[in-house]
Amino acid sequence: MAQRNQNNSTVTLKDRLRALRNLPAFFKLVWQAGPGMMLTNILLRFAKASIPFLLLYIGKLIIDRVVQLSTGNALFAATEVWKLVGVEFALAILSDGLTRAITLIDSLLGDLFANHTSVRIMQHAAQLDLDQFEDAVFYDKLERARQQTVGRTILLSQVMSQVQDLITIAFLAAGLIVFNPWLILLLIVTILPAFLGESYFNDQTYALSRRQTPQRRELDYLRYIGASDETAKEIKMFSLAGFITDRFKVLSDKFYVDNKRISINRSLWGTFFALLGSIGYYGAYIFIIRQTVAGALSIGELTFLAGSFRQLRTLLESILSRFTAVSQGAIYLTDFFDFFEIKPKIHNADKPRPFPDPIITGFTFDNVGFKYLHTERWANRNLNFTLHPNEKLALVGENGAGKSTLVKLLARLYDPTEGRILLDGYDLREYDLNDLRKHIGIIFQDFLRYQMTFSQNIAAGNIDEQTNEELIKRSATQSLADELAKKLPGGYEQMLGRRFAEGVELSGGEWQKVAIARAYMRDAQLIILDEPTSALDARAEFQVFERFTELTRGKMAVLISHRFSTVRMADRIIVLDKGEIVEIGSHQELLKKAGRYAELFELQAIGYQ
């Protein structure tokens with residue numbers, strides 16, 4: 001679909017026809033989700049399409065034969081009538097069975113499609129860059145793509161029903177054309193206005209839906225924080241319930257008013273167009289009756305033609321209306337496929353280098369700078385230093401100084417906007433991306449608290465080893481999380497968090513020990529800890545770093561912390577301010593300089609006096 005029309009949320013007939021190009025790719029996905037079920041669906045619908053014509057024709061034969069029997073002009077036995085009734089009954093039973101089978105298969109195939117596409121979205125999202133997830137425009141696309149996994153499953157049924165009805169129309173139209181082709185023209189003329197009206201209001205609905213995407217995400221967010229175990233304490237403590245519900249009411253009421261306006265107009269115009277269709281139908285009906293009275297048609301032919309005309313009207317209305325829905329669904333599919341057109345900027349080289357084992361010279365930042373999407377402010381700039389093998393490096397600075405961004409660059413979650421990062425003399429971009437990240441153990445300050453078992457929470461650090469109980473328990477011991485496991489009712493199989501039944505919530509410090517255990521799940525050459533002890537008490541912090549010092553012997557380590565009692569264990573300390581390095585050296589060297597580090601150290605020391 002044209003980019004201009006997408007951005008302006010307007011849809012033209014040309015856009016609709018162009019959007020139908022999405023259908024082959026859509027059906028390819030459906031086929032991948034359930035090929036056998038898809039083929040069965042097609043065959044059943046083809047069989048169902050012929051039944052309306054057969055029922056009407058057999059009904060015509062029954063009526064004509066009954067009339068002949070009643071007038072004594074029949075040249076056949078009465079048993080023939082009962083045979084025809086039996087055939088009609090069998091067709092009615094078959095039609096009902098086919099309808100139920102098609103509905104069942106549509107439902108099952110829809111579930112398979114939703115599951116298949118949800119997996120595809122998660123797989124594609126996993127390949128995208130971290131900074132793309134931090135972009136609001138990207139999130140709108142992701143949200144619209146998610147909606148299509150379930151919302152578009154009905155499109156399959158709509159398109160298949162469209163084909164089924166077209167086959168039925170071909171059978172029924174043949175009878176009307178033989179009798180009088182003008183009836184078909186009358187039918188189309190009376191139905192066309194309803195089709196155009198339905199198309200217009202569907203366009204309005206689509207345009208409104210696209211405009212509302214950011215606000216709908218806010219609505220979902222408000223719905224979540226207004227009733228969540230994670231937010232309940234602050235909502236109660238700060239009496240935020242009124243503020244959140246008021247904001248929710250403002251947004252939801254606005255959605256209601258906008259939708260109400262379109263719905264009312266659609267209903268009023270729909271009533272008018274339905275009246276036109278009824279006038280056309282009864283005009284044809286009167287014409288057929290007059291032909292029957294004049295002796296040109298039999299009673300059976302009257303019922304056949306009237307029934308055919310009635311069903312054709314219903315089917316044509318359905319097809320024209322469904323065309324709007326199908327093209328609308330195809331337009332929505334553009335949102336789905338657009339998401340898969342988003343490509344990561346960070347990817348493997350054509351012939352990636354294997355990660356060096358062991359690292360010889362270390363990581364070198366060569367005039368590295370980085371800024372986020374849609375901003376002119378540099379998060380980091382003019383970074384020049386080397387992280388040597390076996391070295392412990394600490395990063396210090398106020399909030400927003402660029403510490404976390406620096407370690408994300410080191411793990412290649414971001415690529416530098418300018419400059420380059422070298423590993424043993426080669427650009428980091430030349431190394432295999434997965435290999436690089438496997439050799440780095442990193443725990444972020446905002447680590448995830450998985451609503452899973454204690455064991456799975458630790459195994460998240462190296463999910464390939466999720467069945468390695470020995471490694472999981474050793475990692476827990478190294479992070480002091482093993483003592484916590486002994487206290488839990490279910491031990492390592494205890495469900496954590498309150499989302500699921502029998503789950504146990506941990507304190508912030510307990511969660512942090514679990515998170516630190518993830519870093520020990522990998523035999524990494526580089527370990528990065530971003531504020532690893534912020535939720536620990538003094539004793540636990542001392543124990544963690546006592547273990548940390550032992551476990552990082554012979555390895556590189558990067559530590560971010562605001563606690564100078566922790567930072568001083570590092571071989572060198574980098575002081576960042578506004579994304580740039582202002583000082584670098586050991587704890588003692590920086591104190592002697594009496595610069596920024598010494599100032600921050602003294603300020604913290606005063607707080608402990």
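The values are calculated or read from the model by the stated rules, or taken from the named source; none is laboratory data. Bear in mind the structure is a predicted one, so any value in this text is a computation, not a measurement. Counting neighbours? That spans all protein chains shown, and the Cβs are built from the backbone with ideal geometry, glycine included.
From the set of residues in region 438-469 that are closer than 27 Å to L559 by Cα and among the charged types (D, E, K, R), which is modelled with the lowest pLDDT?
Going through the qualifying residues, I end up with D446.
Just give me the residues in region 195-212 being small (G, A, S) and either on the phi > 0 side of the Ramachandran plot or modelled with pLDDT of 70 or more (or both), in sequence order. Walk me through how you get there before you give the answer.
Of all residues in region 195-212, those small (G, A, S) come to 197, 199, 207, 209.
Matches in region 195-212: G197, A207, S209.
Out of V257, V326, report the one residue that is among the β-branched types (V, I, T), assigned to a helix (DSSP H, G or I), modelled with pLDDT of 80 or more and out of contact with any helix residue (DSSP H, G or I) (no Cβ under 8 Å at 6 or more places or on another chain).
Working: V326 fails: out of contact with any helix residue (DSSP H, G or I) (no Cβ under 8 Å at 6 or more places or on another chain).
Just a single option satisfies the conditions, and that option is V257.
Can you find a residue in region 419-431 that is over 30 Å from E602 (Cα atoms), among the aromatic types (F, W, Y), modelled with pLDDT under 90 and within 34 Å of the chain's Cα centre (by Cα)?
No, region 419-431 has no match at all.
Would you point out the residue of region 578-590, among those that are surrounded by fewer than 16 Cβ atoms within 10 Å (Cβ to Cβ) and not hydroxyl-bearing (S, T, Y), that is nearest to N384 (Cα to Cα)? Steps first, please.
Of region 578-590, the ones surrounded by fewer than 16 Cβ atoms within 10 Å (Cβ to Cβ) are 578, 582, 586, 588-589.
Within this subset, residues satisfying the condition of being not hydroxyl-bearing (S, T, Y) are 578, 582, 588-589.
Numbers: K578: 15, V582: 11, Q588: 21, E589: 19 Å.
Out of the qualifying residues, it is V582.
With I191, I177, I244, I235 as the choices, which residue is at pLDDT below 70, in the same structural domain as L333 (by TED's automatic domain parsing) and either in a helix (DSSP H, G or I) or touching a helix residue (DSSP H, G or I) at 6+ places or on another chain (Cβ under 9 Å) (or both)? Working first, answer last.
Details: I177 fails: at pLDDT below 70; I244 fails: at pLDDT below 70; I235 fails: at pLDDT below 70.
Sole residue among the options that is at pLDDT below 70, in the same structural domain as L333 (by TED's automatic domain parsing) and either in a helix (DSSP H, G or I) or touching a helix residue (DSSP H, G or I) at 6+ places or on another chain (Cβ under 9 Å) (or both): I191.
Are any of the residues in region 152-166 free of Cβ contacts under 8 Å to residues at least 60 places away in the same chain and over 28 Å from Q212 (Cβ atoms)?
Initially, region 152-166 is screened for residues free of Cβ contacts under 8 Å to residues at least 60 places away in the same chain, giving 153, 157.
Next, from what is left, pick out any that are over 28 Å from Q212 (Cβ atoms): none.
The answer is no; no qualifying residue exists.
Hand me the list of helices (runs of 4 or more DSSP H) wholly inside region 1-43 holding 3 or more residues that are at pLDDT 80 or above and surrounded by 16 or more Cβ atoms within 10 Å (Cβ to Cβ). Write out each step before concluding.
On the way: elements: 3-8, 13-19, 22-33.
Per the criteria, 22-33.
Quick one: is Q311 surrounded by 15 or more Cβ atoms within 10 Å (Cβ to Cβ), modelled with pLDDT under 80 and assigned to a helix (DSSP H, G or I)?
Details: surrounded by 15 or more Cβ atoms within 10 Å (Cβ to Cβ): yes; modelled with pLDDT under 80: no; assigned to a helix (DSSP H, G or I): yes.
No: the conditions fail for Q311.
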